[in-house]
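Below is one structure; the comments refer to it alone.
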Amino acid sequence: MAANTIDTNAFYQESCEANYVKVSDIARNVAWTTPTEWGDLQITINLSKPEKDPRAIAAAAKAGPSEKPDYVDPATGRTRPCPLCVTQEDVDCGYARRLDLAGDQWALWYSPYAYYNEHCIAMSWEHRPMHIDRSAFESLFDVVDVLPEYFFGSNADLPIVGGSILSHDHYQGGRHVFPMEVAPLSESFDLPSFAGVQAGIVKWPLSVIRLRGADRAQVIGAACAILDAWRSYDDPRVGIVSHTGETRHNTITPIVRMKGDQYEMDLALRCNITSEQHPLGVFHPHEELHHVKKENIGLIEVMGLAILPPRVQQVMEERGMSRDDVGRVFGQVLEHAGVFKWDAEGRAAFGRFIAQLNG
Ligand SMILES: [Zn+2]
């Protein structure tokens with residue numbers, strides 16, 4: 001039966017001792033911070049994980065669990081039909097714990113190759129696609145209610161702007177302060193229908209609305225109103241296209257954390273429209289930055305922690321780049337992913353979207 005809480009200190013320690021968390025491998029990663037106008041960005045060169053091409057991720061997005069279980073779990077060595085399909089065996093051996101979220105069966109485990117402290121994954125027991133909607137927001141609030149010591153966030157539910165796995169519903173969490181969390185608000189605004197919620201625009205290269213309030217129903221209500229408005233929002237002046245025929249392009253990367261007795265929710269507005277000039281995405285790192293980053297800008301990077309592939313070490317040598325040079329390129333990568341830029345045109349466009357929320 002699912003527990004309604006987990007002792008994360010004990011579970012994390014057990015996961016390390018059992019070598020489900022590859023502590024010694026993680027120690028090989030190269031990590032540093034680079035001061036930028038967006039704060040101290042965090043950079044990690046991951047020396048264990050292969051880089052994925054955004055087009056391959058898009059192709060795999062609709063896949064079900066494979067017929068033969070051919071994915072080898074790096075933590076347990078067991079094969080599974082998909083990287084995130086949990087079995088009772090995983091629970092029995094102590095690798096995963098069960099969790100109830102929004103009345104639904106979930107499981108939690110620690111990422112074998114953690115990108116930050118106590119990097120955990122919450123995944124639905126059922127194999128079903130990622131989705132960003134009210135039920136996802138409810139589940140995210142449920143998980144921080146149960147584990148208030150951790151932040152939790154979800155990748156977006158569309159290719160290019162989502163994470164590397166779109167076919168299995170999951171969130172990432174952990175005990176870590178990301179640069180975005182400490183970024184200040186550049187301005188505040190009211191949401192008259194949600195008087196108990198403070199809202200503002202975060203001074204951050206991606207376009208992020210921050211909500212804060214003690215009343216969870218109000219914060220979730222405000223988040224749903226913003227998601228609904230954003231999903232169908234077009235602004236051709238700044239390249240935002242919500243639909244091509246039936247195909248939707250706009251979505252949100254949501255993050256939830258507790259600040260004392262208040263919920264704090266960051267909503268990064270995303271758009272995966274492509275163009276002839278930018279076939280991998282208009283709001284995706286453009287080609288001139290691909291020597292450092294061409295993968296999807298997922299949840300972790302949205303928050304200001306770059307996970308760069310090993311080849312970047314070689315690029316640094318060949319181009320004579322310092323670590324801070326790489327950090328500054330990562331700042332530009334995040335700027336490319338922002339739908340409302342930080343020039344006068346972009347700020348005016350963000351203002352128009354906020355005005356529509358209250359219209
Ligand atoms: Zn699965």
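Throughout, read-outs are computed from the coordinates displayed, never taken from laboratory work. Note that the structure is a prediction, hence the values are computed from the model and not measured. All Cβ positions, glycine included, derive from the backbone under ideal geometry; neighbour counts span all protein chains shown.
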Within the stretch 96-103, does at least one residue satisfy the condition of being surrounded by 15 or more Cβ atoms within 10 Å (Cβ to Cβ), touching a strand residue (DSSP E or B) at 6+ places or on another chain (Cβ under 9 Å) and without any contact (Cβ under 8 Å) to a residue 24 or more places away in the chain? yes
Filter the stretch 173-208 for residues that are touching a helix residue (DSSP H, G or I) at 6+ places or on another chain (Cβ under 6 Å) and part of a strand (DSSP E or B) and give the result. PHE189
Taking the stretch 150-208 and keeping residues within 16 Å of the ligand (Cβ to nearest atom), among the small types (Gly, Ala, Ser) and farther than 16 Å from GLU301 by Cβ leaves SER167
Tell me, yes or no, whether the stretch 137-146 has at least one residue that is touching a residue at least 12 places away in the same chain (Cβ under 8 Å), in a loop (DSSP other than H, G, I, E, B), away from the ligand (no atom under 15 Å from the Cβ) and closer than 16 Å to LEU299 by Cα. no
Take the residues of the stretch 322-355 that are within 18 Å of SER188 (Cα to Cα), in contact (Cβ under 8 Å) with a residue 40 or more places away in the chain and more than 19 Å from the chain's Cα centre (by Cα): which is surrounded by the fewest Cβ atoms within 10 Å (Cβ to Cβ)? ARG352
Please go through the stretch 70-100 and give me each residue that is more than 12 Å from the ligand (Cβ to nearest atom) and of a type in the set (Val, Ile, Thr), ordered by number. VAL72, THR76, THR79, VAL91
Does the stretch 122-131 include one or more residues that are touching a Leu at 6+ places or on another chain (Cβ under 6 Å), under 22 Å from PHE350 (Cβ atoms) and surrounded by 18 or more Cβ atoms within 10 Å (Cβ to Cβ)? no
Can you give me the ranges of the helices (runs of 4 or more DSSP H) entirely in the stretch 248-359 with at least 3 residues that are not β-branched (Val, Ile, Thr)? 311-319, 323-337, 344-357
